[in-house]
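Input: a single structure, listed below in structure tokens.
The values are calculated or read from the model by the stated rules, or taken from the named source; none is laboratory data. The structure presented is a predicted model; accordingly, all values stated were derived computationally and were not measured. A quick note on method: Cβ atoms are made from the backbone with ideal geometry, for glycine too, and the neighbour counts reach across all protein chains shown. Just so you know, the surface numbers come from the protein's heavy atoms only, side chains and all, with ligands and any DNA or RNA stripped out. Shrake-Rupley method; radii C 1.70, N 1.55, O 1.52, S 1.80 Å.
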Amino acid sequence: MPSRYATETARRRTFAIISHPDAGKTTVTEKLLLFGGAIQLAGTVKGRKAARHATSDWMELEKQRGISVTSSVMQFPYKDRIVNLLDTPGHQDFSEDTYRTLTAVDSALMVIDVAKGVEERTIKLMEVCRLRDTPIMTFINKLDREGREPIELLDEVEDVLKIQCAPVTWPIGMGKRFKGVYHLKRDAVHLFSPTHGGKIQQGEIIQGLDNPRLDEVLGSQAAELREELELVMGASHEFDKDEYLAGRQTPVFFGSAINNFGIQELLDDFVEHAPAPQPRPTETRKVSPDEETFSGFVFKIQANMDPQHRDRIAFLRICSGTFTKGMKLNHVRIKRDVRISDALTFLASDREHLEEAYPGDIIGLHNHGTIRIGDTFTQGEALAFTGIPNFAPELFRRAQLRDPLKMKQLQKGLQQLCEEGATQLFRPLTNNDLILGAVGVLQFDVVAHRLKSEYNVDAAFETVSVQTARWVTCEDERKLEQFKDKAAANLAIDHGGDLVYIAPTRVNLQMAMEKWPEITFSATREHG
Ligand code: G4P
């Protein structure tokens with residue numbers, strides 16, 4: 001008999017949703033929770049959204065802009081599995097957070113709006129998933145509205161995202177004519193009955209495509225469906241689990257999240273086929289989830305989730321071993337043992353104190369300024385998990401203090417915000433500027449707001465003539481020294497102590513790269 005550890009590990013399913021804003025990520029999340037029994041919803045999406053804002057949108061900034069800067073973790077049981085859903089910020093300015101969250105999952109769910117098809121953010125997120133061959137399931141949403149031809153959509157996914165599609169369900173009409181989906185594997189039609197809100201209502205299921213009941217219910221659409229399916233089955237791929245797990249094929253489901261329709265079919269297949277916790281690379285070796293000694297890495301740090309407690313929570317993905325309350329863990333980077341007595345887990349709505357957690361689970365550690373993104377915790381082995389990147393910023397600003405006496409606080413604040421991944425800091429070699437880098441402009445607003453509220457520092461950010469940045473390294477130390485000498489005016493040290501080339505223009509960067517072929521210019525940097 002497998003051990004309790006093996007059983008618990010094997011039943012974890014940890015994933016995130018990727019989508020373009022407005023495709024329905026929030027709605028799908030909420031419906032997954034509903035089917036997972038994690039929440040009893042009374043209201044509609046809007047009610048839920050409003051409630052969510054009230055509990056998690058801790059910053060006024062968020063309220064003002066109506067976006068969610070935070071990203072949290074929801075756990076729910078479904079059938080005999082434990083599902084961990086990692087939420088990601090919808091706004092593109094916080095995409096770095098999303099990228100890092102994707103390093104902590106074993107698979108992803110892609111949500112596509114039937115009317116819009118493959119959109120720009122989805123393309124970007126898909127690229128990130130591809131870096132690790134993350135398996136992807138696809139949900140095509142909003143079939144209760146008019147949209148594009150399903151066949152055309154699948155072609156677009158295949159062409160643009162370069163992944164094979166294997167339809168698992170197929171829609172019967174759309175918009176006003178939307179009647180339900182045909183489940184290819186089960187050979188059954190699941191009829192659509194709109195049910196907004198929190199009620200789970202099982203519509204009629206008609207077994208067999210040739211069932212005369214279909215003609216009764218669907219009228220002329222029954223014949224249309226049969227014809228279409230013949231075409232679809234001839235032209236599309238059959239679901240192949242190995243291809244899916246290798247990240248080369250995506251099973252596709254159709255539905256209408258707002259109507260609770262199509263979600264159950266998706267969730268059933270998800271818990272059956274999505275990968276259990278996977279091995280993770282470290283600098284020295286691969287860590288397998290079968291190992292019973294604890295290890296995990298921090299992929300996200302979030303401040304002030306609960307306005308009553310001004311604490312920061314470091315989100316740690318467990319890679320191996322069992323976490324138990326009060327256990328002692330080694331914080332590898334600072335080589336210190338710490339007793340973790342008050343870790344948190346994130347159930348659908350409340351934070352709850354947890355007793356035990358397994359590979360695939362996320363725990364929240366209270367962070368008093370010692371934990372950085374990318375940090376590894378183990379039971380003693382000096383491991384360092386890899387693959388948690390910093391991305392070269394595209395936007396730069398110079399921090400300007402309104403009160404020059406607050407320099408120390410500013411530096412401390414910026415250092416900590418950098419370690420949390422809220423921004424990146426560059427200090428030029430040749431002057432005392434503090435240059436902040438970000439992927440999206442809202443990050444600067446968040447930093448300014450947090451500097452003020454948490455460090456009592458009033459800082460403004462002004463434009464600076466930096467357009468792009470690259471981390472530089474070179475095997476040959478002499479060459480590197482030479483480069484540092486010649487290019488000093490364009491060099492800076494980042495918050496992690498690494499050397500960065502900050503270029504006033506892309507042309508300048510291009511020229512520097514051509515002039516110094518021995519130097520490696522990288523657009524990403526590993527945390528650590
Ligand atoms: P996001 O997190 O990806 O940004 O999307 P979200 O779930 O917030 O959904 C975006 C909008 O799409 C929401 O409308 C939501 O109600 C709607 N929506 C989600 N799923 C479906 C669906 O299956 N069918 C239809 N017809 N709409 C869906 P909203 O923000 O409330 O705007 P509004 O509709 O009130 O104007």
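Values for this structure:
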read-out: Cα gyration tensor shape of the stretch 134-208, rounded if a/c is under 1.5, else prolate or oblate by comparing a/b with b/c; value: prolate
read-out: Accessible-area composition of the chain, carbon plus sulfur, in percent [1.4 Å probe]; value: 49
read-out: Computed over the chain: relative contact order in percent, which uses C-alpha pairs under 8 Å that are six or more apart; value: 14
read-out: The stretch 210-302 - percent relative contact order, Cα under 8 Å, separation 6 or more; value: 11
read-out: Full-stretch length increase - E272, Q415 - with 0.36 nm per residue and alpha-carbon distance subtracted; value: 47.1 nm
read-out: Equivalent ellipsoid, the stretch 236-329 (semi-axes from 5 times Cα gyration tensor eigenvalues, Å); value: 33, 23, 12
read-out: The stretch 358-424: GluC sites (Glu not before Pro) in DSSP loop, at most 14 other beta carbons within 10 Å; value: E394
read-out: Other-chain or far-sequence residues with amide H under 5 Å of I301's (modelled H); value: F315
read-out: Full-stretch length increase - E156, L405 - with 0.36 nm per residue and alpha-carbon distance subtracted; value: 84.0 nm
read-out: Sites matching trypsin sites (Lys or Arg not before Pro) across the stretch 160-241 that sit in DSSP coil, with at most 16 neighbouring C-beta atoms within 10 Å; value: K162, K185, R186, K199
read-out: Separation of alpha-carbon centers, the stretch 440-484 and the stretch 396-433, rounded to whole Å; value: 8
read-out: Net charge dipole size for the stretch 424-526 [Lys, Arg +1 and Asp, Glu -1 on Cβ; Debye, nearest 20]; value: 180
read-out: Enclosed volume per residue, in Å³, of the convex hull spanned by Cα atoms of the stretch 167-251; value: 122
read-out: Whole-number accessible area per residue in Å² for the chain, which is evaluated in the context of all protein chains at 1.4 Å; value: 43
read-out: Globularity ratio of the stretch 393-528, using Cα Rg and 2.2 N^0.38 Å; value: 1.07
read-out: Cα point-scatterer Debye curve for the chain, base-10 log of I(q)/I(0) at q = 0.06 Å⁻¹; value: -0.32
read-out: Paramagnetic reach from T473 (point 7 Å along Cα→Cβ, amide N under 19 Å) across the stretch 354-389; value: 373-376, 383-389
read-out: Approximate spin-label separation R4-K325, in nm, with each point projected 7 Å along Cα-to-Cβ; value: 1.5
read-out: Net charge dipole size for the stretch 195-285 [Lys, Arg +1 and Asp, Glu -1 on Cβ; Debye, nearest 20]; value: 560
read-out: Dipole magnitude of the stretch 236-305, debye to nearest 20 (Cβ charges: Lys/Arg +1, Asp/Glu -1, about Cα centre); value: 460
read-out: Heavy atoms of D242: accessible area, 1.4 Å probe, square angstrom to 10; value: 110
read-out: Built amide H within the under 5 Å cut-off of L425, gap 5+; value: G437, H495
read-out: Efficiency of FRET between E216 and K452 - r from beta-carbon atoms, R0 56 angstrom, step 0.05; value: 0.25
read-out: The stretch 314-437, relative contact order [Cα under 8 Å, separation at least 6], %; value: 23
read-out: Listed pairs K142/K286; K116/K179; K406/K479; K300/K406 exceeding 31 Å between Cα atoms; value: K142/K286; K406/K479
read-out: Selection from F261, G219, I363, by position along the positive dipole direction of the chain (Cβ); value: I363
read-out: I313, I493, reordered so the largest accessible area comes first (probe 1.4 Å); value: I493, I313
read-out: Simple label model, 7 Å out from Cα along Cβ direction - L231 to R506, nm; value: 4.1
read-out: Gained length - E204 relative to K486, 0.36 nm times residue gap less alpha-carbon distance; value: 94.1 nm
read-out: Nearest-ten-degree value, helix 220-235 long axis tilted from longest Cα axis of the chain; value: 50
read-out: Computed [θ] at 222 nm, helices only, for the chain once each DSSP H run of length n ≥ 4 contributes -39500 (n - 2.57); value: -8500 deg cm²/dmol
read-out: Partners for K486 among lysines (Cα-Cα distance below 20 Å; same-chain residues under 8 apart left out); value: K515
read-out: In nm, spacing of pseudo-spin labels at H368 and K335 (7 Å Cα→C-beta vector); value: 2.2
